[in-house]
Amino acid sequence: MTYARLGCVCAAMFTLVLPASSGELDYTMPTEFYDGMNAKLINEGYREVRVLDPQEGVLSAFDAQGSEVKINVDPARGQIISTSYVHPTDG
C-alpha cells in the first residue's frame, strides 16, 4: 500500500470517527418551561436531562440507578405524563 493511499484511508477513518467522539450532547433547555422541568427532574434524582422534542414534550434523562428514562411531559399543564425505560431490561 502506498503512503498516499494509506493517508487517504487514515483520513477517511478519522473523518468517520471524529463526529462521534467530538460531538457533545446539548443539555440547553429551549424555553423557561423546560428550565423549570429540568430543575424538577433534578430534584427528583434525575441527571443529564435533555429535551428530545419540545413540541411533543419528550425528554430523556438518567435516573438515580443510572438507567436512561424517556419522560413525556404536558407543556400546557407542566406535569409529567409518563416515564419509561429506554432499555426494557432496566425496569
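Laboratory data are not the source of any read-out in this text; all were calculated from the coordinates shown. Given the structure is predicted, the values throughout are model-derived calculations rather than measurements. In this analysis, Cβ positions are derived from the backbone assuming ideal geometry, glycine residues included, and neighbour counts consider all displayed protein chains.
Tabulated data
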| quantity | calculated |
| --- | --- |
| Local electrostatic count, ALA61, Cβ distance below 10 Å [Lys/Arg +1, Asp/Glu -1] | -1 |
| Local electrostatic count at PHE33 - Lys and Arg +1, Asp and Glu -1, tallied over other residues with Cβ under 12 Å | -1 |
| Environment charge at PRO88 (Cβ cut-off 15 Å; Lys +1, Arg +1, Asp -1, Glu -1) | -2 |
| Mean separation of Cα contacts under 8 Å, 6 or more apart, over the residue count of region 24-90: relative contact order % | 21 percent |
